[in-house]
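Notes to accompany the following structure.
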Amino acid sequence: MGAVEELLDGLLSGADQAMVNAFTTGFRVAQAKAAIDKSVTDPAAAAAALESAQVVALGILVREAMQPAQFETIYRPFATVLPGPTYRPAAPIDQQIAGFLRRLPTLKGEPEAEVSTVAKTLSERPKATPGPSAGAVSVIAAPAGLDPAANYAAAWKQVITAANQTGRTQAFRVMQDSAEQAAPHDGLGIVGFAGVAAGAIFMRDVLQVEKVLLLYEPFAGIFPYESLA
């Protein structure tokens with residue numbers, strides 16, 4: 001994502017400055033914030049969503065100069081809930097799971113390391129950090145109030161509850177075990193997260209889409225959820 005945003009910065013240097021300003025200041029930003037606030041009540045989450053929306057808007061502005069895969073990376077935070085230009089309906093659940101299981105054994109090198117890094121972020125509660133010392137350089141961090149690990153754990157509990165309530169626990173466990181067996185067992189710690197992602201896909205028909213996407217997140221940058229088929 002960082003690399004694509006650097007590319008976006010370069011493309012924007014040649015874009016119409018008035019259009020760029022329209023999506024980063026003033027009335028358009030106020031419109032976007034008002035729309036987000038109707039659906040997102042947590043202030044920190046709303047601030048993060050607004051920032052993502054601004055990046056997406058700027059990506060749309062210079063979309064013709066970007067490769068399709070680059071634009072999809074920029075648009076991905078909204079790809080399922082607000083379908084983009086290349087949107088296609090999600091495949092049936094069994095096809096999505098089959099596609100996920102088929103791709104898991106191919107994880108190697110940098111892609112697997114990325115999955116592991118995101119998985120650890122979603123499983124480790126943030127540590128308290130000391131205040132900045134004089135002259136220290138600030139580092140971008142998650143907005144105050146957002147706790148990815150807590151949200152991830154809560155979503156997984158909801159999946160388990162839904163499986164029990166719908167009488168699908170046995171099939172749910174089979175899907176989970178299949179993904180865990182297909183994932184690389186090389187010490188990077190993604191086996192359990194593969195099972196969680198598969199379980200979320202299997203239960204997607206009774207879950208809010210944002211819960212499914214959250215539980216699938218470790219793999220989303222490598223195998224976009226929208227591409228599973």
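Among the candidates 59, 2, single out the residue that is touching a residue at least 40 places away in the same chain (Cβ under 8 Å) and within 27 Å of residue 209 (Cα to Cα).
Working: 2 fails: touching a residue at least 40 places away in the same chain (Cβ under 8 Å).
Checking each option against the conditions leaves just 59.
So which residues in the range 41-88 are at pLDDT below 85 and basic (Lys, Arg), if there are any at all?
Result: 76, 88.
Here are the criteria: (1) touching a helix residue (DSSP H, G or I) at 6+ places or on another chain (Cβ under 6 Å); (2) closer than 19 Å to residue 153 by Cβ. Tell me which single one residue 188 does not satisfy.
Result: residue 188 fails condition (2) only.
Within the range 195-207, restricting attention to residues that are more than 16 Å from residue 95 (Cα to Cα) and modelled with pLDDT under 95, which residue is farthest from the chain's Cα centre (by Cα)?
Ranking the candidates gives 206 first.
Within the range 146-185, how many residues turn out to be closer than 19 Å to residue 213 by Cβ, in a helix (DSSP H, G or I) and open to solvent by 50 Å² or more (accessible area, probe 1.4 Å)?
Adding up the residues that qualify gives 6.
Tell me, please, whether a residue that is among the aliphatic types (A, V, I, L, M), open to solvent by less than 20 Å² (accessible area, probe 1.4 Å) and farther than 28 Å from residue 4 by Cβ can be found in the range 186-205. Please lay out each step first, then the result.
In the first step, residues of the range 186-205 are kept if they are among the aliphatic types (A, V, I, L, M); the result is 188, 190-191, 194, 196-198, 200-201, 203.
Subset that is open to solvent by less than 20 Å² (accessible area, probe 1.4 Å): 190, 194, 196-198, 200-201, 203.
If we keep only those that are farther than 28 Å from residue 4 by Cβ as well, we get 203.
For the range 186-205, residues among the aliphatic types (A, V, I, L, M), open to solvent by less than 20 Å² (accessible area, probe 1.4 Å) and farther than 28 Å from residue 4 by Cβ: present.
For the range 208-229, give me each residue that is more than 14 Å from the chain's Cα centre (by Cα), open to solvent by 20 Å² or more (accessible area, probe 1.4 Å) and not polar (S, T, N, Q).
229
The values are calculated or read from the model by the stated rules, or taken from the named source; none is laboratory data. Bear in mind the structure is a predicted one, so any value in this text is a computation, not a measurement. No Cβ is skipped: glycine too gets one built from the backbone with ideal geometry, and neighbour counts run over all protein chains shown. Please note that ligands, DNA and RNA were not included when accessible areas were found on the heavy atoms of the full protein model with its side chains. Shrake-Rupley method; radii C 1.70, N 1.55, O 1.52, S 1.80 Å.
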